[in-house]
Every structure is written in C-alpha cells, then in structure tokens.
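Pasting a structure below so you can have a look.
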Amino acid sequence: MKAAVRVALVSLAFLSPLVSQAEPDSKPAESAAYVAAHARWQRELNAFDAADAQRMPDPGGVLFVGSSTIRMWPRLAQDFRQQPVVINRGFGGSTMADCGLFAHDLVVRYKPRMVLVYAGDNDLAEGRTPLQVLESFAQFANTVRAQLPGTRIAYISIKPSPSREKLLPGIRETNNVIGAYLQRLPNSAYIDIFTPMLGADGRPRPELFRGDQLHLNDEGYRLWQSAIAPHLQDQPAPAEASVAQGTR
C-alpha cells in the first residue's frame with residue numbers, strides 16, 4: 001500500500017474516537033497503564049500539585065506539555081510573554097503515551113485556551129512505531145477535546161536530533177501521520193520545527209543542540225520560539241476555525 005494512502009486511512013481510522021462524549025468533570029479510568037505511569041512519574045506529578053497549591057494558574061492560558069525539551073525551556077514564559085498565562089507542564093523523559101494517559105491531570109485541570117504538546121521521540125527511541133505514537137496522540141486529543149471542546153490543540157513536530165539521527169525515517173513518518181490526522185481535526189495545528197532544524201545537507205543542525213546533541217541550546221530555543229509564536233495569536237472561535245495544515 002502506498003504511503004500516502006496508508007496515512008489517509010490511518011488518519012480516518014483514528015477520527016472516530018474524537019467524537020465521543022464525556023462528562024466535563026469526569027476523570028480517566030485508572031487502567032493498569034495509568035497506574036504504572038503514575039507510579040513512575042509520581043515525583044513530577046506531586047511537584048505540579050505542589051505548585052498548583054501555591055498558586056493555581058488562571059484558566060484561559062497557553063499550556064505546554066511534553067518531554068524534556070519542554071521541561072528544560074529556560075525562558076518559556078518570557079519567550080511568550082504576550083500571553084496572559086503560560087504554563088509549563090513538561091516532564092523529562094516522558095513519552096506521547098504518558099501524555100495520553102495524563103491528559104486530564106496535566107491539561108484538562110487548567111482549562112487552557114490552547115495546549116501545545118511535544119512528545120514522540122522518546123516513544124520511538126523505546127521501540128514504539130509511528131502508528132503507536134499516533135494512537136497515543138489521538139488518546140491525548142480525545143481527552144482534551146471531550147472535556148474542553150473549545151481548546152485549540154497543537155502538535156509540535158518531533159525534532160531531528162543528531163544523537164538520534166538513525167531514527168529520522170521513523171520521525172518523518174510519525175510527523176507525517178500526525179500532520180495528516182490534524183488536517184481532519186478542527187481547531188488544531190501542526191507546528192513544523194523539523195524542517196528548519198535540518199541543514200542544507202538534510203541532516204540535523206548540530207549548532208542548535210547542547211553537547212549531548214539531544215537537548216536544545218539557546219539558539220535552538222530561539223528557533224522554536226520563532227516557529228511557535230505565530231500560532232499563539234488569537235484564534236477564531238472553534239466553529240469558525242479552519243482545518244489544520246499538516247506536512248506535505
């Protein structure tokens with residue numbers, strides 16, 4: 001089956017869960033996967049709870065969630081200071097599977113107007129397939145959309161890291177299937193940071209990374225800020241929002 005056809009079929013197959021309905025205040029079932037993930041990330045989740053106890057972020061903000069690239073963003077709030085509320089709920093080493101399980105804990109409770117998620121490369125590094133990453137993203141989007149129907153959902157594409165260059169084929173496929181999926185999901189966006197992080201030779205640009213060639217340096221975060229900022233401008237109401245544009 002040709003790749004384009006497969007992408008289209010997969011995208012359509014995962015649309016149906018997003019039309020499911022849920023009570024606004026319902027909580028996720030504590031499946032075995034959820035319980036195991038909660039135990040693994042208990043320290044990080046407790047830290048978020050403690051921060052909320054000190055000061056709960058106001059609703060209607062812009063929330064970033066995902067793996068260490070989000071957690072380690074040193075000036076996230078300052079880089080997007082035009083926004084009234086910027087919330088960082090990144091937890092290092094996490095996967096898209098974790099984000100899918102914790103969508104209620106890390107997104108729904110804050111009632112943001114927009115959520116941006118960066119995750120997926122850790123999934124691929126652990127041996128998951130692009131379609132499994134898509135399934136986890138669909139779970140994440142389903143939870144957010146069912147509980148917060150007006151919240152805009154944005155996926156930040158998986159970055160090309162020099163230390164994970166061998167994963168580039170899987171990264172491209174994952175970005176493509178999620179981009180195709182978002183083309184059919186209203187009030188959503190696909191943010192391409194993959195393309196500008198490649199050099200003229202088609203390889204990851206090492207000058208954007210720290211010494212580990214995995215995590216971003218200041219120059220890398222400046223690139224991300226410039227790619228993401230246009231998507232944080234005021235968006236039309238969900239009923240009027242255009243369909244997101246994915247990769248080509």
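The values are calculated or read from the model by the stated rules, or taken from the named source; none is laboratory data. Just so you know, these numbers come straight off a predicted model, no measurement behind them. Reconstructed Cβ throughout: ideal geometry from the backbone, glycine too, with neighbour counts over all protein chains shown.
Tell me, please, whether a residue that is more than 19 Å from the chain's Cα centre (by Cα), at pLDDT below 50, of a type in the set (D, E, K, R) and in a helix (DSSP H, G or I) can be found in region 207-227. Please lay out each step first, then the result.
Taking region 207-227 as the starting set, the residues that turn out to be more than 19 Å from the chain's Cα centre (by Cα) are 207-213, 217-219.
Among the residues that remain, those that are also at pLDDT below 50 are: none.
Scanning region 207-227, I find no residue that is more than 19 Å from the chain's Cα centre (by Cα), at pLDDT below 50, of a type in the set (D, E, K, R) and in a helix (DSSP H, G or I), so the answer is no.
Starting from region 52-76, keep only residues that are assigned to a loop (DSSP other than H, G, I, E, B), then list their pairs with residues that are surrounded by fewer than 12 Cβ atoms within 10 Å (Cβ to Cβ) and modelled with pLDDT under 95 whose Cβ atoms are within a distance under 7 Å, requiring at least 6 positions of separation or different chains.
Short answer, once both residue conditions are applied: GLY61/PRO84.
If you check VAL117 against the conditions, is it among the β-branched types (Val, Ile, Thr), in a helix (DSSP H, G or I) and within 14 Å of the chain's Cα centre (by Cα)?
Here the answer is no, as VAL117 does not meet what is asked.
Working carefully through the options ALA154, ALA141, ALA200, find the one that is farther than 20 Å from SER67 by Cα and hydrophobic (A, V, I, L, M, F, W, C).
Being farther than 20 Å from SER67 by Cα and hydrophobic (A, V, I, L, M, F, W, C) holds for just one of ALA154, ALA141, ALA200, which is ALA200.
Pick from ASP25, ASP52, ASP123, ASP58: which is out of contact with any Phe, Trp or Tyr (no Cβ under 7 Å at 6 or more places or on another chain) and either modelled with pLDDT under 95 or among the small types (Gly, Ala, Ser) (or both)?
Selected residue: ASP25, the only one of ASP25, ASP52, ASP123, ASP58 that is out of contact with any Phe, Trp or Tyr (no Cβ under 7 Å at 6 or more places or on another chain) and either modelled with pLDDT under 95 or among the small types (Gly, Ala, Ser) (or both).
Quick one: what pairs do we get from region 77-89, first residue on the phi > 0 side of the Ramachandran plot, second in a helix (DSSP H, G or I) and hydroxyl-bearing (Ser, Thr, Tyr), C-beta under 6 Å, 6+ apart or different chains?
No pair meets every condition.
Moving on. Given the criterion over 11 Å from the mean Cα position of the chain (by Cα), closer than 28 Å to TYR181 by Cα and not hydrophobic (A, V, I, L, M, F, W, C), identify the matching residue among PRO130, PRO74.
None of the other options fit; the residue is PRO130.
Moving on. In this structure, is LYS159 closer than 27 Å to GLY199 by Cβ and not in a helix (DSSP H, G or I)?
Yes, satisfied.
Check GLU173, GLU165 and return the single one that is more than 20 Å from VAL86 (Cα to Cα), of a type outside the set (A, V, I, L, M) and either buried (at least 23 other Cβ atoms within 10 Å of the Cβ) or touching a strand residue (DSSP E or B) at 6+ places or on another chain (Cβ under 7 Å) (or both).
Checking each option against the conditions leaves just GLU165.
Every residue in region 149-189 that is among the basic types (Lys, Arg) and in contact with a Ser or Thr (Cβ under 9 Å, 6 or more places away or on another chain), please.
ARG152, LYS159, ARG172, ARG184
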